[in-house]
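A quick write-up on the structure given underneath.
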Amino acid sequence: MSEQTNRPRIICHMMTSLDGKIHGAFMDASVTRKVDSEYERTNNSYNPDAWLCGRVTTEENFTQFRKPDLQENAPQVPNGDFIATADAAMYYVSIDRLGKVGWTTNTIKYMERPEAHIIEVLSEQASNAYRDLLRRLNISYIIAGKEYIDCTLAAQKLKSLFGINTLMVSGGGYINGSFLSEGLIDELSLVMAPVTDASSDTSTLFETGDYLQKINPVEFSLIAVEKLKESGLWLRYELKKN
């Protein structure tokens, strides 16, 4: 586990197929939907303050790719971060580099998790009109990076501005890869559904892109293995110490 104290403890918590996919046809399989309750149970066992996803995952699950209702002639908003709620019981953190998610409310409800206040993580490239929309909706946002998201800075701000001590990072693959490449993942928590998905065009657990640092092989040490209902499996790893 990382000894850093200026950012949250970060657990990458994902449900995967047996062949390492994190979305795709396997997600709709009946056995996956049954294992999903175990994914939630194991997630909640960490008592997190927040969970974090990327833009595509956010749009798929919460906004159905709705376009944001922007006022292009909005007055210039102040520079810097916007903290609408600093003491929420739960936060949902949306990595949204350019500001594209079409929110209409400042909270979300997912499964049996507590209602979560939304925090948008933006780069400096996000438009004034988008930041104006977030302010009108009373959605918090932080600026972390000039062109691309600086995950280390984002994590530090999530702790210092919102008091987030335990953060669950839950994809997609490029978001997981970004946190891994910056050495920010303290624990890897995998719930495996007993099903395969041999698609060649779906993401795996960690992905990289041209804008990401190259991810060299990263070693982990096994913490625990637990057999779950419906032949699922829970694997827990921590970053291997040098």
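The values are calculated or read from the model by the stated rules, or taken from the named source; none is laboratory data. Keep in mind that this is a model prediction, so the values were computed, not measured. Positions of Cβ are generated from backbone atoms using ideal geometry, with glycine treated the same way; all protein chains shown enter the neighbour counts. With ligands, DNA and RNA removed, areas are computed over all heavy atoms of the protein, side chains included. Shrake-Rupley method; radii C 1.70, N 1.55, O 1.52, S 1.80 Å.
Kindly report the accessible area of the chain per residue (heavy atoms of protein chains, probe 1.4 Å, no ligands, DNA or RNA), in Å².
48
Pick out, in residue order, every one of the chymotrypsin sites (Phe, Trp or Tyr not before Pro) in segment 29-119 that is DSSP loop and has at most 14 other C-beta atoms within 10 Å; say none if there are none.
Sites meeting the loop and neighbour criteria: Phe65, Tyr110.
Considering only the other residues whose Cβ falls under 14 Å of the Cβ of Thr204, what net charge follows from Lys and Arg at +1 and Asp and Glu at -1?
-3
In nanometres, what is the gap between the two model label sites at Glu147 and Asn6, each 7 Å from Cα along Cα-to-Cβ?
2.5
Can you give the % of DSSP beta bridges in segment 74-203 that are antiparallel, to the nearest 5?
The answer is about 25 percent antiparallel.
How big is segment 1-86 along each principal axis, measuring the range of its Cα positions in Å and listing the largest first?
For segment 1-86, the Cα spread along each principal axis is 51, 38, 21 Å.
Could you check the simple spin-label distance between Ala74 and Thr204, using points 7 Å along Cα→Cβ, in nm with one decimal?
Each label point is offset 7 Å from its Cα along the Cβ direction, giving 4.0 nm.
Just want the answer: with Cβ charges of +1 for Lys and Arg and -1 for Asp and Glu, which residue in Pro75, Val35, Ala86 is farthest toward the dipole's positive end in segment 29-115?
Value: Val35.
Connecting C-alpha atoms closer than 10 Å in a GNM of the chain, tell me which of Asp150, Asp28, Asp186 has the biggest fluctuation.
Among Asp150, Asp28, Asp186, the largest mean-square fluctuation in the Gaussian network model of the chain belongs to Asp28.
Dipole of segment 87-242, Cα-centred, from +1 at each Lys and Arg C-beta and -1 at each Asp and Glu C-beta, to the nearest 20 debye? Present the calculation step by step, with values, prior to reporting the outcome.
Numbers: 16 positive and 20 negative charges, 63 e Å.
In total the dipole reaches around 300 debye.
Can you show me the helix-derived [θ] at 222 nm for the chain, built from DSSP H runs with n ≥ 4 at -39,500 (n - 2.57) apiece and divided by the number of residues, rounded to the nearest 500.
It comes out at -6000 deg cm²/dmol, rounded to the nearest 500.
Can you classify segment 73-164 as rounded, prolate or oblate using the Cα gyration tensor, where a ≥ b ≥ c are the square roots of its eigenvalues, rounded means a/c under 1.5, and otherwise it's prolate if a/b beats b/c and oblate if not?
oblate
With a 1.4 Å probe and all protein chains left in place, how much of the accessible area of the chain comes from carbon and sulfur atoms, in whole percent?
In the chain, the share of accessible area belonging to carbon and sulfur is 48 percent.
For Ala29 and Ile215, what does the FRET efficiency come to when R0 = 35 Å and r is the distance between their Cβ atoms, rounded to the nearest 0.05?
The pair Ala29/Ile215 has a calculated efficiency of 0.75.
Any idea which of Ser203, Ser140, Ile215 is furthest toward the positive side of the dipole for segment 111-242, if Lys and Arg beta-carbons carry +1 and Asp and Glu beta-carbons -1?
Ranked along the dipole, the leading option is Ser140.
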